[in-house]
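Working notes, beginning with the structure itself.
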Amino acid sequence: MTLSRIAREVKTSATLAITAKAKQLTAQGIDVVGFGAGEPDFDIPENVKNAAIKAINDGYNKYTPTSGAPELKEAIGEKLYKDNHLKYNPSQIIVSAGAKQSILNIVLVLCDTGDEAIIPTPYWVSYPEMVVMAGATPVFLKTTDKEQFKITKESLAKVITPRSKALFMNSPSNPTGMVYTEKELREIIGFAVEKGLYVISDEIYEKILYDGARHFSPAAFSDECYKKVITVNGFSKVYAMTGWRLGYAAGPEEIIKAATNIQDHTTSGANSIAQKAGVEALKGSQESVTMMVRE
């Protein structure tokens, strides 16, 4: 059998393979600490669960618009404005089946055959595979513990070529836990944008911070950054909604429109019930988030 290029080139997710193995061993009665998937060990907040149950009982079970239910997009916009100092219209926001799909959508919009996408190491295992799906080439920018696993303007400059199209940034980082300072981010993102790169800013761990560390959204740094940075986030880590598959991306309207076109023909959008729960997660009490981080 001859498989497609994507089937031949895309590798199995090591994260999910490790997680599956850990669950298998646990089922056998073996005490295992899993270091695979980034899955919180606390339950979904009760108010969020109840919102989902109410949605089911109210008959909220049909398709939503591909880019997301208007109520959820409004709540996401309010969250981005309040927490991240970013102002987006609903047409600049897309809700997807997890932040993973949000990132894939954006990669498929930005990257084409012959393009390169720069990925700092260590990295979340899905980044390069998404780039491969798009027919582009992942370029790895190596970091070590000596520089706290952080890239710099100078190290980035060494890997940029005329084919460079996008830069992945993830702060707080999976898997290292590293967090960039505002000064560091401003220098890196400013340089990337100056060189014409789009920046995919994966901010899924933004609330999980310790020792006085702070999170900054690069799209808020300047008008130029706002035009070139796509902000990705979701509900899996902060609200423990990993299995509900709910994430979102916000950025330039042209990019979000193209991502919506792609999503039209894949999932048709995120789970409607999860979207109702997402509204409650954002608008309801945030006490569970504070408790989770404290623990």
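The values are calculated or read from the model by the stated rules, or taken from the named source; none is laboratory data. All figures in this text were calculated on a predicted structure; none of them were measured in a lab. Heads up, the Cβs are rebuilt from the backbone with ideal geometry, glycines too, and the neighbour counts pull from every protein chain shown.
Structure values in brief
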item	result
Search result, residues across segment 118-130 that are among the aliphatic types (A, V, I, L, M) and outside any helix (DSSP H, G or I)	Ile118, Ile119, Val125
Asn170 being touching a Gly at 6+ places or on another chain (Cβ under 9 Å) and within 14 Å of Asn233 (Cα to Cα)	no
Residue match in segment 212-229 (condition: at positive phi and over 18 Å from the mean Cα position of the chain (by Cα))	yes
Conditions (1) of a type in the set (Val, Ile, Thr); (2) surrounded by fewer than 17 Cβ atoms within 10 Å (Cβ to Cβ); (3) closer than 23 Å to Ser96 by Cβ; number of the one not met by Thr152	(3)
Some residue of segment 244-251 being surrounded by fewer than 22 Cβ atoms within 10 Å (Cβ to Cβ) and on the phi < 0 side of the Ramachandran plot	no
Selected residue (criterion: surrounded by the fewest Cβ atoms within 10 Å (Cβ to Cβ)) from residues of segment 161-173 that are touching a residue at least 24 places away in the same chain (Cβ under 8 Å) and more than 18 Å from Ser201 (Cβ to Cβ)	Thr161
Wholly within segment 1-117, helices (runs of 4 or more DSSP H) carrying at least 2 residues that are surrounded by 11 or more Cβ atoms within 10 Å (Cβ to Cβ) and not assigned by TED's automatic domain parsing to the domain that holds His215	5-9, 14-27
Some residue of segment 245-264 being of a type outside the set (Phe, Trp, Tyr), without any contact (Cβ under 8 Å) to a residue 40 or more places away in the chain and in contact with an Asp or Glu (Cβ under 9 Å, 6 or more places away or on another chain)	no
Unique match (being in the same structural domain as Lys54 (by TED's automatic domain parsing), buried (at least 21 other Cβ atoms within 10 Å of the Cβ) and not polar (S, T, N, Q)) among Ile262, Ile255	Ile255
Residue ID - modelled with the lowest pLDDT, chosen from residues in segment 35-49 that are more than 17 Å from Lys207 (Cβ to Cβ) and either touching a Leu at 6+ places or on another chain (Cβ under 8 Å) or β-branched (Val, Ile, Thr) (or both)	Gly36
